[in-house]
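Just so it is clear, none of the values below were taken in a lab; they were calculated from the coordinates. Just so it is clear, the structure is predicted and the values come from calculations on it, not from any experiment. Note that we place each Cβ from the backbone using ideal geometry, even for glycine, and neighbour counts take in every protein chain shown.
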Amino acid sequence: MEKSKSPLMFWLISGIILTITGLLAFINLEEWYVIGILNRTVGYPFGGEGTTPYYYKTPELYALVSLIWGLLFTGAFVFAVLAIIQKNKTRMVAALGSTVFLLAMLFVHGLIE
């Protein structure tokens, strides 16, 4: 009975990891593209209006931070894809751990003023 749950759990965790890392990679890389490449800054509170994180000081800084987070989540996404292809449970646990760690760091990073 335990063996039948293991593949299901592997694929469930795989889907969750790919969804989270893929979505956050896309969101951050899109922000980098819109702000850093297209220079569309209307509606963004740049210049430290109110209580905003430090990276809202300039569009360039915001774009750089978004690029870094996008690349980190892309790396986690690729790592998870490789673990899935290899069907390596140990690497999948490591991918889950790195995803949770990156999520926690993203949250904490957003609190820094």
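Data table
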read-out	value
Total residues in the range 66-97, condition within 14 Å of residue 25 (Cα to Cα), among the small types (Gly, Ala, Ser) and surrounded by fewer than 18 Cβ atoms within 10 Å (Cβ to Cβ)	1
Filter result (of a type in the set (S, T, N, Q), in contact (Cβ under 8 Å) with a residue 12 or more places away in the chain and out of contact with any Ser or Thr (no Cβ under 7 Å at 6 or more places or on another chain)) within the range 7-22	14
Test: residue 19 is out of contact with any helix residue (DSSP H, G or I) (no Cβ under 9 Å at 6 or more places or on another chain), part of a loop (DSSP other than H, G, I, E, B) and either on the phi > 0 side of the Ramachandran plot or loosely packed, with under 13 Cβ neighbours inside 10 Å (or both)	no
Test result for residue 50, loosely packed, with under 14 Cβ neighbours inside 10 Å, over 18 Å from residue 92 (Cβ atoms) and not β-branched (Val, Ile, Thr)	yes
Selection within the range 28-45 - out of contact with any helix residue (DSSP H, G or I) (no Cβ under 9 Å at 6 or more places or on another chain) and either in contact (Cβ under 8 Å) with a residue 12 or more places away in the chain or on the phi < 0 side of the Ramachandran plot (or both)	38, 42
Qualifying residue in the range 45-53 (condition: in contact with a Gly (Cβ under 9 Å, 6 or more places away or on another chain), closer than 22 Å to residue 72 by Cβ and assigned to a helix (DSSP H, G or I))	no
Any chance residue 68 is part of a helix (DSSP H, G or I), out of contact with any Gly (no Cβ under 9 Å at 6 or more places or on another chain) and either farther than 23 Å from residue 101 by Cα or touching a residue at least 60 places away in the same chain (Cβ under 8 Å) (or both)	no
Unique residue being surrounded by 14 or more Cβ atoms within 10 Å (Cβ to Cβ), touching a residue at least 40 places away in the same chain (Cβ under 8 Å) and within 15 Å of the chain's Cα centre (by Cα) when the list is 25, 63	25
Filter result (surrounded by fewer than 18 Cβ atoms within 10 Å (Cβ to Cβ), assigned to a helix (DSSP H, G or I) and not small (Gly, Ala, Ser)) within the range 98-113	100, 101, 103, 105, 106, 107, 108, 109, 111
